[in-house]
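What follows is a single structure, written as structure tokens, with notes after it.
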Amino acid sequence: MISSHSSDPATQHLLLQATKNRIRENPAMESPQARKSGLNLPTGMSETLLRLDSVPVSFRAVSSLSASPGSCRAISNLSSPSKSSTCSDRFIPCRSSSRLHTFGLNEKASPVKEGGNEAYARLLKSELFGSDFGSFSPAGGAASPMSPSKNMLRFKTENSGPNSPYSPSLLRNDSGFSSETTPPKPPRKVPKTPHKVLDAPSLQDDFYLNLVDWSSQNVLAVGLGTSVYLWSASNSKVTKLCDLGPNDGVCSVQWTREGSYLSIGTSLGRVQVWDGTQCKRVRTMGGHQTRTGVLAWNSRILASGSRDRNILQHDLRVPDNYISKLVGHKSEVCGLKWSNDDRELASGGNDNQLLVWNQQSQQPALRLTEHTAAVKAIAWSPHQSGLLASGGGTADRCIRFWNTTNGHQLNSIDTGSQVCNLAWSKNVNEIVSTHGYSQNQIMVWKYPSMGKVANLTGHSMRVLYLAMSPDGQTIVTGAGDETLRFWNVFPSVKTHTSVKDTGLWSLGRTQIR
């Protein structure tokens, strides 16, 4: 039993709500006076009783309802109000119409980075809460911070338009993260100028010669006229190894893989082997009829190529001048390189042919004839077995890549100028090429995309000679302009970062002799 004299405001509110619910269920109880005023009031109740001018308010007119048989049912309706009712004693917010700025989402930009934070905040809010939110202006208040059809938090959104490149939906898919979202790495920076220049008087401008090589013991060998000079990269000391005399000349130099012995090809077709430490000649071998322009060592065999079109294989452990002769080229042999596993020998000639030999036969295993000019530039990949790169002369200008297991050409790229040398980086999967007519440039390529990493210029004549330092970071190039230039082009093995000028050698120009 609810007392009619109760002055508790909560009780009065419950009784008033019950009265309203009962009147809705029995419209006949509504008085004419109430209909005139627009309020649903029971018979005998006036508007003055509903005024809140003074507290407590008397509910004597309503107290009679407590004794009526339907009073219990009217009060019980408080626990489950009618669905058509617009009144409630609780506030349930609607997220679709919420104003998110009232929750502190529109923060001011940080004073440290003026402008930058504001633009980033607008972009972030636009992607998280929709484009309408990004256009909201707290000052103007004209735009709604969120579309009524969107929720602040939801698992999926409709694809109503093209996605922004920064959209979170691009960062995920049903199977996981997408590889396309990984931003491309910026190109590695390569110094554009050489950090060291050596004068090399009498360095010949002859495409078919190979006069520069860098040993694993960090000693550079250079053939100048009739003499060979050694330059130590660790202390810049220059040593004259030999002088062949007025009737002979240096055509090629090549260090053994251990870096202790240097082989020299001469104009008279001889091959000499010198001890680089003691500056003493160890062996002289004949067999060629004319100049020996290219040499190549594997672990125990020295191969030599000559203008007489033959390739000879020498073994210092036997007394004979050579142990085998490889005949296949129709013109001067100017390129020779052993594969990293010593199983295959690639040779290039002035007959535009690239031949691949193996130890099982004295006939070429592959005869590749796609080049249209002399093939001097040859390089085996240290990263992939059976991958061979070759470059053609002025009429060809192409770098071609081959799979020597089946003889297929994998790729070809026109460089626009004569390809004089090729060398793979052993630290990263890149290749460097030097060029002659007509640009005389040095180019670093990313394999297999063949994107250009660097384009270096500095020589005024064809860049005919190329060698790489033992650590694989520095290359030295030589040209008919009688200079040797040292370039930092490749990163180290452990840290594939931007190549920096190490300052190992002082800047400026010095002479190698």
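The values are calculated or read from the model by the stated rules, or taken from the named source; none is laboratory data. Owing to the predicted nature of the structure, the values given are computational and were not obtained by experimental measurement. Neighbour counts run over all protein chains shown; Cβ positions are idealised from the backbone, glycine included. For accessibility, only protein heavy atoms count, side chains too; no ligands or nucleic acids. Shrake-Rupley method; radii C 1.70, N 1.55, O 1.52, S 1.80 Å.
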Seminar exercise, completed: Taking Cα atoms only, Rg over Rh for segment 218-259 with Rh from the Kirkwood formula is 1.00
For this session: Would you mind telling me the antiparallel percentage of the DSSP bridges in segment 196-488, rounded to 5?
Result: 100 percent
For this session: Compute the Rg to Rh ratio over segment 204-307 from the alpha carbon atoms, using the Kirkwood formula for Rh, and round to two decimal places.
Result: 0.93
Exercise. If ligands, DNA and RNA are left out, what is the accessible area of Phe490 with a 1.4 Å probe, given in Å² to the nearest 10?
Worked result: 0 Å²
Exercise. Of Asp205, Asp248, which has the most accessible area and how do the rest follow, probe 1.4 Å?
Worked result: Asp205, Asp248
Problem set entry | Listed peptides 450-461, 318-329, 364-375 by packing density, highest first (mean Cβ within 10 Å) | 364-375, 450-461, 318-329
Problem set entry | Pairs beyond 26 Å (Cα-Cα), from Lys325/Lys376; Lys192/Lys240; Lys240/Lys446; Lys337/Lys426 | Lys192/Lys240; Lys240/Lys446
For this session: At 0.36 nm per residue, minus the direct Cα-Cα distance, what do Ser460 and Leu124 gain on full extension? Give it in nm, one decimal, please.
Result: 115.6 nm
Seminar exercise, completed: Here the tail fraction of P(r) beyond 36 Å, over all Cα-Cα pairs of segment 196-488, rounds in percent to 8 percent
Exercise. Convex hull volume of the Cα atoms in segment 313-364, per residue, in Å³?
Worked result: 89 Å³
Seminar exercise, completed: For Val453, the net charge from surrounding residues (Cβ-Cβ under 11 Å; K, R +1; D, E -1) works out to +3
Exercise. Under a plain spin-label model, where a point goes 7 Å from the Cα along Cα-to-Cβ, how far apart in nm are Gln360 and Arg300?
Worked result: 2.0 nm
